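The values are calculated or read from the model by the stated rules, or taken from the named source; none is laboratory data. Note that the structure is a prediction, hence the values are computed from the model and not measured. Cβ sites come from the backbone with ideal geometry, for glycine too, and all protein chains shown count toward neighbours.
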Amino acid sequence: MAPSAVSPDEGAVRGRLAARPWQPRPPRPLPPGEHPLGLATGRDGVLYVPASYRPERPAPLLLCLHGARSSGSRGVLALREPAERHGLLLLAPDARAVTWDILRGGYGPDVAFIDRALTLVFARCAVDPARVGIEGFSDGASYALTLGLDNGDMFAAVLAFSPG
């Protein structure tokens, strides 16, 4: 089934992400390491770029959702070594509050923020559209299951570690 076009506001209500990987080359490659997203003051998130990343070779991307009362940068600490080994980009946005919106009564601002973060990564990095996954830990795992299934046309894999 082809994805339907959704506005950011509609996506925030229905849980549909509008961002999609595109193939034109990014203007300049990002250096390896952790980069703040720069989309918000306070709770923001990070993009981790492995040393093996090459913009001429689209890389797999894993959207990483942290547990309650945590952050994206803390959530990806354990994933850095596998990311280096497999050339995996890690996108780890911060929830807009102490946990993800779906756990507080339905989709809302977190979907819109994740969509903006994905749009940023797709514009800055060459991403293999067939190798985009979503994972989460605890509350992030519950959100990954819900958001991943609602966007099954985008995510090739959904991983949930200790859903809470």
- Note on the structure: Flagged in the range 136-159 as closer than 17 Å to Asp101 by Cβ and free of Cβ contacts under 8 Å to residues at least 60 places away in the same chain, in numbering order, are Ser142, Leu145, Gly148, Leu149
- Do any residues in the range 72-94 that are closer than 11 Å to His35 by Cα and of a type outside the set (D, E, K, R) have Cβ atoms under 7 Å from those of residues that are at pLDDT 95 or above and surrounded by fewer than 16 Cβ atoms within 10 Å (Cβ to Cβ), where the two are at least six apart or on different chains, and which pairs are they? Ser73/Glu34
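Each row is one residue, and each column tells you yes or no for (1) in a strand (DSSP E or B); (2) under 19 Å from Arg124 (Cα atoms); (3) of a type in the set (Phe, Trp, Tyr).
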residue	(1), (2), (3)
His35	yes, yes, no
Leu39	no, yes, no
Tyr53	no, yes, yes
Glu56	no, yes, no
Pro60	yes, yes, no
Gly67	no, no, no
Arg74	no, no, no
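When you scan the range 72-104, how many residues do you find that are among the β-branched types (Val, Ile, Thr) and either surrounded by fewer than 18 Cβ atoms within 10 Å (Cβ to Cβ) or farther than 19 Å from Gly133 by Cβ (or both)? If you could, list the steps in order and put the result at the bottom.
We begin by selecting, within the range 72-104, every residue among the β-branched types (Val, Ile, Thr); these are 76, 98-99, 102.
Checking the rest, the ones that are also either surrounded by fewer than 18 Cβ atoms within 10 Å (Cβ to Cβ) or farther than 19 Å from Gly133 by Cβ (or both) come to 98-99.
Count: 2.
Collect the residues in the range 147-164 that are touching a Leu at 6+ places or on another chain (Cβ under 9 Å) and either crowded, with 20+ Cβ neighbours inside 10 Å or in a loop (DSSP other than H, G, I, E, B) (or both), keeping them in residue-number order. Steps first, please.
Taking the range 147-164 as the starting set, the residues that turn out to be touching a Leu at 6+ places or on another chain (Cβ under 9 Å) are 147-148, 150-151, 154-155, 157-160, 163-164.
Of everything in the range 147-164, those that are touching a Leu at 6+ places or on another chain (Cβ under 9 Å) and either crowded, with 20+ Cβ neighbours inside 10 Å or in a loop (DSSP other than H, G, I, E, B) (or both) turn out to be Leu147, Gly148, Asn151, Met154, Phe155, Ala160, Pro163, Gly164.
Yes or no, residue by residue, for (1) out of contact with any helix residue (DSSP H, G or I) (no Cβ under 8 Å at 6 or more places or on another chain); (2) modelled with pLDDT under 95; (3) not in a helix (DSSP H, G or I):
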{"site": "Cys64", "(1), (2), (3)": "no, no, yes"}
{"site": "Pro82", "(1), (2), (3)": "yes, no, no"}
{"site": "Leu91", "(1), (2), (3)": "no, no, yes"}
{"site": "Ala123", "(1), (2), (3)": "yes, yes, no"}
- Message: If I filter the range 50-88 down to residues being of a type in the set (Ser, Thr, Tyr) and within 12 Å of Gly136 (Cα to Cα), which single residue comes out as nearest to the chain's Cα centre (by Cα)?
- Response: Ser71
